[in-house]
Amino acid sequence: MNLPDMKKAKERTNKEVKYEELNHEYEEVFKGKKFFLKTYGCQMNVHDSEEIKFYLTSLGFVETEDMNDSDVVLLNTCAIRENAHDKVFGFLGRCKHLKREKPDLIIGVCGCMPQQESVVEELMKKHPYVDIVFGTHNIHELPKLLLKNNSKQDIEIYSIEGDVYENVKYNRDSKYTAWVNIMYGCDKFCTYCIVPYTRGKQRSRHLKEIVLEVEELKKDGYKEVTLLGQNVNAYGKDLNDSESFANLLEAVAKTNIERIRFVTSHPWDFTDEVIDVIAKYNNIMPYIHLPLQSGSNRILKLMGRRYTKEEYLTLFNKLKERIPNVSITTDIIVGFPNETEEDFQDTLDVVEECKYDGAFTFIYSPRNGTPASLMKDNISLEEKEERLHRLNEIVNKYSLINNQKYLNQTVKVLLIDKSEKSDTTACGYTETMKLVNVENAIDRIGQIVDVVITDAKSFSLNGKLK
Ligand code: 5AD
Ligand code: SF4
């Protein structure tokens, strides 16, 4: 089978998205039509969906939460583990059904999955009812694809990244907290990870563009920004200028926006300068997501993580010493090929030592095209599940212990939404990224309020306004 020509972009250049060219040409065609957008995966995908929503609404579409009522169904997909892949193909079955009833329905698949040739092939062979397919490097092609759509599958993927787009507009999900991309892609090539293949090599935005975006957000009333990158500490390494994450963080702090967060940090690039900046500015939140992946030096080496357990612990302890009250969460993979009970025990030891505020834990999932997927593995799934269970018990124990330290304390919470708890309860986050449900606070959404913590669970706190 011939795959469609995957366009190769050139060297990294900065480009502006020209929105004026979009609007009028398409307005009559799409006005009042409805789209249903389902997003899988990480914050990067959530933010990409905010861009997709901007395009769709500027073309005249309105969003619907009811797929059956839509004219366009778009799935923004994730490729990080096999179960994400399976969920998408499962959902496509429902879309196919709907298309039988509504033959004009346009079905689109975008995001990380189509950046893999095997997925494009699978879509072409087994899912011809999917109308449009595009990847993570050409979201801005969506309007063209929608208009061109002519009952033939339209596939438009750039296999190689290149341009960094500025002046990108978003329909942001929140009026108070905003994602800000500081870079795209990743150069780390951890041996298990598909991201460098789906999102491409690292491309940083220029510092001044990022600061401008944060200033605009502040002007628009945003209270919090989260700087987004696969590996934020490596920010600027691909630029010729002397732009570093420490410089960027300091420049963003000086905008005086009330809260700054960043994800994700790789321990390898975490410099003392970055720690100094976090410690110096009150508006940089004392919360760090610092993936460990494994506590075994043998496995870390096989994973290509470039640090030892000892180096990780040194950094961890430095962060705890230098940043008062810092909360630290992590990612851990169990069942990497041939992880022994001893290797796993090393991971548990690190978790016991770090007593994380929280951890995302995963069973290793082989990804086509990554070096780890070629490694033979003799450990059964049953054993891996059992390890995950043991790990989660310890992780949850420490989450609860850490949360209980907040009992009767007064903390600052940025309220962002209604809570599912009751009609009068709002929810938000502490500076340390703890989720708090606050009674009788519905009219304070959008504000940073003082809250007394009355109850602590493993995954959330309850409190009342002070
Ligand atoms: N299998 C399982 N977990 C993975 N992650 C990345 N790739 C894989 C994989 N192939 C996890 C890592 C990463 C998080 C976002 O997902 O822990 O930090
Ligand atoms: Fe994947 Fe490693 Fe890059 Fe994170 S740092 S996105 S785990 S390759």
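The values are calculated or read from the model by the stated rules, or taken from the named source; none is laboratory data. Here the structure is a predicted model, which is why all the values come from computation and not from measurement. Neighbour counts are summed over all protein chains in view; Cβ atoms, including those assigned to glycine, are modelled from backbone coordinates with ideal geometry.
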Looking at Val46, Val29, Val88 in this structure, which one is loosely packed, with under 13 Cβ neighbours inside 10 Å, in a helix (DSSP H, G or I) and either of a type in the set (Val, Ile, Thr) or modelled with pLDDT of 95 or more (or both)?
Val29
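Yes/no per residue for (1) within 16 Å of ligand 2 (Cβ to nearest atom); (2) surrounded by 18 or more Cβ atoms within 10 Å (Cβ to Cβ); (3) among the polar types (S, T, N, Q):
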residue	(1), (2), (3)
Thr370	yes, yes, yes
Ile379	no, yes, no
Glu383	no, no, no
Leu391	no, yes, no
Asn403	no, yes, yes
Val413	no, yes, no
Asp417	no, no, no
When the range 171-198 is checked residue by residue, the ones that are closer than 30 Å to Lys219 by Cβ and either among the charged types (D, E, K, R) or within 11 Å of ligand 1 (Cβ to nearest atom) (or both) are Arg172, Asp173, Lys175
Here are the criteria: (1) part of a helix (DSSP H, G or I); (2) within 16 Å of ligand 1 (Cβ to nearest atom). Tell me which single one Asn317 does not satisfy.
(2)
How many residues are within 21 Å of Cys112 (Cβ to Cβ) and more than 14 Å from the chain's Cα centre (by Cα) if we restrict to the range 174-193?
7
Considering the range 66-83 alone, what residues qualify as being surrounded by fewer than 17 Cβ atoms within 10 Å (Cβ to Cβ) and near ligand 1 (Cβ under 10 Å from one of its atoms)?
Glu82, Asn83
All but one of (1) touching a strand residue (DSSP E or B) at 6+ places or on another chain (Cβ under 7 Å); (2) farther than 30 Å from Leu105 by Cα; (3) within 15 Å of ligand 2 (Cβ to nearest atom) hold for Thr136, so report the exception by its number.
(2)
Would you check which residues across the range 186-223 are in a loop (DSSP other than H, G, I, E, B), among the charged types (D, E, K, R) and more than 13 Å from ligand 2 (Cβ to nearest atom) and list them?
Arg205, Asp220, Lys223
Close pairs (6 angstrom Cβ cut-off, 6 or more residues apart or separate chains): in contact (Cβ under 8 Å) with a residue 40 or more places away in the chain and surrounded by fewer than 18 Cβ atoms within 10 Å (Cβ to Cβ) in the range 450-462, among the small types (Gly, Ala, Ser) and not in a strand (DSSP E or B) anywhere
Ser458/Ser399
Scan the range 264-276 residue by residue and report those that are buried (at least 20 other Cβ atoms within 10 Å of the Cβ) and touching a strand residue (DSSP E or B) at 6+ places or on another chain (Cβ under 7 Å).
Ser265
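Among the residues of the range 396-426, write down those that are among the small types (Gly, Ala, Ser) and within 18 Å of Arg259 (Cβ to Cβ).
Looking only at the range 396-426, we keep the residues that are among the small types (Gly, Ala, Ser), and these are 399, 419, 422, 426.
Once the filter is applied, which keeps residues that are among the small types (Gly, Ala, Ser) and within 18 Å of Arg259 (Cβ to Cβ), the range 396-426 yields only Ala426.
Condition first: within 15 Å of ligand 1 (Cβ to nearest atom) and within 19 Å of Cys42 (Cβ to Cβ). Can you find one or more residues in the range 233-251 that meet it?
Let us first name the residues in the range 233-251 that are within 15 Å of ligand 1 (Cβ to nearest atom), namely 233-234.
With the extra rule that they be within 19 Å of Cys42 (Cβ to Cβ), the set shrinks to 233-234.
Yes, there is a match, as at least one residue in the range 233-251 is within 15 Å of ligand 1 (Cβ to nearest atom) and within 19 Å of Cys42 (Cβ to Cβ).
Here are Thr255, Thr226: which of them is closer than 16 Å to Val180 by Cβ, outside any loop (DSSP other than H, G, I, E, B) and outside the structural domain of Ile416 (by TED's automatic domain parsing)? I'd like the intermediate steps shown before the answer.
Values: Thr255 fails: outside any loop (DSSP other than H, G, I, E, B).
The conditions single out Thr226.
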Exactly one condition in (1) closer than 30 Å to Val413 by Cβ; (2) within 15 Å of ligand 1 (Cβ to nearest atom) is not met by Gln293; state its number.
(1)
Just to be sure before I move on: is Thr430 loosely packed, with under 15 Cβ neighbours inside 10 Å, away from ligand 1 (no atom under 16 Å from the Cβ) and under 15 Å from Asn462 (Cα atoms) in the structure I sent?
no
Tally, over the range 390-446, of residues that are within 28 Å of Ile323 (Cα to Cα) and part of a helix (DSSP H, G or I):
14
Selection from the range 321-373 of residues more than 10 Å from ligand 1 (Cβ to nearest atom), part of a strand (DSSP E or B) and touching a Gly at 6+ places or on another chain (Cβ under 6 Å) yields Thr329
